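These notes concern the structure reproduced below.
The values are calculated or read from the model by the stated rules, or taken from the named source; none is laboratory data. Here the structure is a predicted model, which is why all the values come from computation and not from measurement. Using ideal geometry, Cβ is built from the backbone for each residue, glycine included, and neighbour counts are taken over all protein chains shown. SASA here: full protein model, heavy atoms, side chains in, ligands and nucleic acids out. Shrake-Rupley method; radii C 1.70, N 1.55, O 1.52, S 1.80 Å.
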Amino acid sequence: MVLNPVISKLAGKLVVLASASPRRLEILRNVGLRFEVVPSWFKETLDKSLFKAPYEYAVETAKQKALEVARRMPIKHLKTPDIVIGADTIVTVDGLILEKPVDKHDAYRMLSSLSGKEHSVYTGVAIVLCHEKENEEVDYQLIQFYEETKVKFADLSEDMLWEYINSGEPMDKAGGYGIQALGGMLVEYVHGDFLNVVGFPLNHFCKQLSLIYNHCTSSSDQKSESVHLSVNGTHPTPVLSQPTPSVPAQSSHGSSSIPKPSSSSSSQTHHTHCSLAHKVKRKGSDSEVSQSSWMLVNSLSKHTDGREAKLCNSENTTSPLITRSEQLIERDVTEHEDSEPRKEDLERISELIDGFKASKALFTASRLRVFDLLHRMPGLDAAQVGQEVKASVKGTECLLEACVSLGLLKSKDRTYENTDLATSLLRSDSCFSLHGHIQHCDDTLWPLFSHLESAVEEGHSQREKVFSRKPKEDTFHNSQEAKLRFMNAMHSVAKVAGKSVATAFDLSRYKTACDLGGCTGTMACELTKAHPEMSVTVFDLPAVVELSERFRPLQSNNRVSFVAGDFFQDELPKADLYILARILHDLTDEKLHILLSKIADVCKPGCGLLLSEIFLDEDRSGPSRGLLQALSMSEGKQRSATEYSLLLKSHGFNTAQIRHTDNLLDAMFCIKA
Ligand SMILES: Cc1cn([C@H]2C[C@H](O)[C@@H](COP(=O)(O)OP(=O)(O)OP(=O)(O)O)O2)c(=O)[nH]c1=O
């Protein structure tokens, strides 16, 4: 790739964008970078008064965002990324740092302070390079920089301000505006990198990458920070974690061979400064090394066996880091072929082999209402449980013991009681009961999965074969009982995931919402709880609306109403926010476009679309819950957040925010352009 050779250098590496910002995603995706998105959980709450200059705050926040993801991935995602990129954009005016407005009044305060003035937009960027060592520790090297762009706003009238605020655009953007969209109309001039304002200084980033991968100089001249974390423990804590804002923001690197970018002028500022200095405590040693990071990667890494390995050779123009990791991989492969299987590999495989047995044990205990019984009557023995659930003593004992081994039950003196997990999720009457979902898995998915081989060979769902009827007939075209079972399954997942989705974004600007295919109204109910001024219409098939009455006492709420209809054929109820929760993944491309076109037709600019699905990782390597679900899906397909984002964009909806909720469903909020 002549245009940007450095992007191709990253091919084959696990690059992670530690950001939920759709703008950053788009900027990096547009230049062909392949990466996964793992939004950071770092809360942007650093004390601003501790920082001498605003950009120090942005750089430190970017660093914390990236490090949080770099630390989390080996534990939660069971893989170590090669590179994690974090960024933070802030707007500064009159000595104040403006981040994202919390509500409309905050947006007004910010935008009126920018009216008629020039202000600075800083994006701090942190690149964390992760090197997995043989002893399972991870070496982290940190490259940090920032970019400043100056922007001048025209004088903004009150009408203009409020019209802009009411468009909804300011809410998820630093300073309360988006220069790339309606906010562009407020801007008189921009001095510096435009993309820096949008959230990511692409040019500066590429320069840094090329410094990392194309230039190496003596390691003694150039040092980046190294943070050592152990991924062995359950709570690895980086020694480097706290900001040290009192350290001067610039440091001199007289002998550095890395060219310092041209200095700023008042009208066109293009700063490249070293950012903060940090104390780095190396594992296995008490010595503290204080270093200034000058966006450099070449460092000495101290191996645990005491050898000092030079990562960089000044004559070598290819990356020494790549060379080193390639060598490691080569050696690992040979070692693994010859040696005995590792304990953890055997454990992992046994777990997978036995997975179906564990599922079926759970399904059976759930069907026999063992968890309900032991909630009412804790401390029963196997014979008593067997008698209550009308099962053999021998079989019941085996089942109860298996449930103990799976952490679902506790036993004492051969009597049994529920664990907390069973009490909260497995009882059929608990608030967050997954009982309905478990029954659906047992009744519908279990038979489908036992025909998985034919499904894979033939490339389509085996519903017809398995249930001796056409796909989907087991849900809405069959017995009342089957319909209720299906609704129960939807209801239980919505109960567990509803709050996370409903509270994922600030939707306070929307007063009327319509949950398409909203089933029992559980998500609608959560939305009204989270947004006290919102009324939600649940739009679903007549049979569903009729049966949903049985669930209504559970969610009596006069701001939730039900309308019967078919979203492919009938007119959609009017609303300024539409909700699609667990709908799109199950539709063919054709149906999906029909539905999205219908929604787009009734949406005015500024209207919202709240999508809730499992979002696949960008490289489709997980989560397995989403990928396994795809194996039994009849018509649709699972997608990543970017794929959904592009799909919705093709119908005029711009993605404003994405949330990986860490619950059963993720969420995306889009605004009609
Ligand atoms: C000034 C300005 C900011 N922005 C956006 C870029 C960023 O997404 C956002 C600033 O918030 P950030 O906190 O930098 O980023 P984020 O919360 O969107 O994502 P994450 O923390 O997960 O990385 O403002 C614009 O889109 N246009 C603009 O003109």
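Determine if the stretch 459-478 includes at least one residue that is open to solvent by 30 Å² or more (accessible area, probe 1.4 Å) and within 30 Å of ALA382 (Cα to Cα). No. Among the residues of the stretch 72-92, those identified as within 16 Å of the ligand (Cβ to nearest atom) and in contact (Cβ under 8 Å) with a residue 60 or more places away in the chain are PRO81, ILE83, VAL84, ILE85, GLY86, ALA87, THR89, ILE90, VAL91. Being closer than 24 Å to LEU195 by Cα, open to solvent by less than 50 Å² (accessible area, probe 1.4 Å) and at pLDDT below 90 is the requirement here; does VAL15 meet it? Judged against the criteria, VAL15 is not a match. Restricting the first member to the stretch 124-147 and to residues that are closer than 14 Å to LYS13 by Cβ, and the second to residues that are open to solvent by 10 Å² or more (accessible area, probe 1.4 Å) and hydroxyl-bearing (Ser, Thr, Tyr), the beta-carbon pairs closer than 7 Å and six or more apart or on different chains are CYS130/THR80; HIS131/SER325; GLU132/THR80.
Within the stretch 579-611, the residues that satisfy the criterion of being hydrophobic (A, V, I, L, M, F, W, C) and assigned to a strand (DSSP E or B) are ILE579, LEU580, ALA581, LEU609, LEU610, LEU611. Return a yes/no flag: does the stretch 628-645 have any residue that is of a type in the set (Phe, Trp, Tyr) and either at positive phi or under 17 Å from the mean Cα position of the chain (by Cα) (or both). Yes, that holds for at least one residue.
Open to solvent by 10 Å² or more (accessible area, probe 1.4 Å) and within 11 Å of the ligand (Cβ to nearest atom), is that true of ASP172?
yes
For SER645, the conditions (1) open to solvent by less than 50 Å² (accessible area, probe 1.4 Å); (2) outside any helix (DSSP H, G or I); (3) not basic (Lys, Arg) are fulfilled apart from (2).
For the stretch 605-627, the set of residues classified as over 19 Å from the mean Cα position of the chain (by Cα) and surrounded by 15 or more Cβ atoms within 10 Å (Cβ to Cβ) consists of GLY606, CYS607, GLY608, listed by residue number. Residues in the stretch 8-47 that are part of a helix (DSSP H, G or I), out of contact with any Leu (no Cβ under 9 Å at 6 or more places or on another chain) and within 12 Å of the ligand (Cβ to nearest atom): PRO22, GLU26.
Just checking, does the stretch 454-461 include any residue being touching a Gly at 6+ places or on another chain (Cβ under 8 Å) and outside any loop (DSSP other than H, G, I, E, B)? Checking the stretch 454-461: not a single residue is touching a Gly at 6+ places or on another chain (Cβ under 8 Å) and outside any loop (DSSP other than H, G, I, E, B). Apart from one condition, VAL15 fits all of (1) farther than 17 Å from SER621 by Cα; (2) touching a strand residue (DSSP E or B) at 6+ places or on another chain (Cβ under 9 Å); the exception is (1). Would you confirm whether or not the stretch 145-153 contains a residue that is open to solvent by 10 Å² or more (accessible area, probe 1.4 Å) and of a type outside the set (Phe, Trp, Tyr)? Checking the stretch 145-153: at least one residue is open to solvent by 10 Å² or more (accessible area, probe 1.4 Å) and of a type outside the set (Phe, Trp, Tyr). Given the condition at pLDDT 95 or above, within 13 Å of the ligand (Cβ to nearest atom) and over 22 Å from ALA656 (Cβ atoms), answer yes or no: does some residue in the stretch 110-121 qualify? Within the stretch 110-121, one or more residues are at pLDDT 95 or above, within 13 Å of the ligand (Cβ to nearest atom) and over 22 Å from ALA656 (Cβ atoms).
Restricting the search to the stretch 55-66, which residues are aliphatic (A, V, I, L, M) and either surrounded by fewer than 24 Cβ atoms within 10 Å (Cβ to Cβ) or near the ligand (Cβ under 10 Å from one of its atoms) (or both)?
Those that are aliphatic (A, V, I, L, M) and either surrounded by fewer than 24 Cβ atoms within 10 Å (Cβ to Cβ) or near the ligand (Cβ under 10 Å from one of its atoms) (or both): ALA58, ALA62, ALA66.
Taken over the stretch 32-52, the criterion of being among the aliphatic types (A, V, I, L, M) and open to solvent by less than 40 Å² (accessible area, probe 1.4 Å) is satisfied by LEU33, VAL37, VAL38, LEU46.
Here's the yes/no breakdown for (1) over 13 Å from LEU516 (Cβ atoms); (2) in contact with a Phe, Trp or Tyr (Cβ under 7 Å, 6 or more places away or on another chain); (3) of a type in the set (Lys, Arg):
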position	(1), (2), (3)
VAL536	no, no, no
SER548	yes, yes, no
PHE567	no, yes, no
ASP570	no, no, no
LEU580	no, no, no
THR588	yes, no, no
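Of everything listed in (1) at pLDDT below 95; (2) open to solvent by less than 10 Å² (accessible area, probe 1.4 Å), the single unmet condition for GLN555 is (2).
Looking at the stretch 67-114, which of the residues that are hydrophobic (A, V, I, L, M, F, W, C) and open to solvent by 30 Å² or more (accessible area, probe 1.4 Å) is nearest to LEU14 (Cα to Cα)? Only one residue tops the list, namely LEU78. Only one of VAL125, VAL190 is within 14 Å of the ligand (Cβ to nearest atom), over 18 Å from TYR108 (Cα atoms) and surrounded by fewer than 18 Cβ atoms within 10 Å (Cβ to Cβ). Can you tell me which? It is VAL190. Scanning the stretch 494-505 for any residue that is in a loop (DSSP other than H, G, I, E, B), touching a strand residue (DSSP E or B) at 6+ places or on another chain (Cβ under 8 Å) and in contact (Cβ under 8 Å) with a residue 60 or more places away in the chain turns up at least one such residue. Quick check, is TYR510 closer than 23 Å to ALA530 by Cα and not small (Gly, Ala, Ser)? Yes; evaluated as a whole, the condition is true for this residue.
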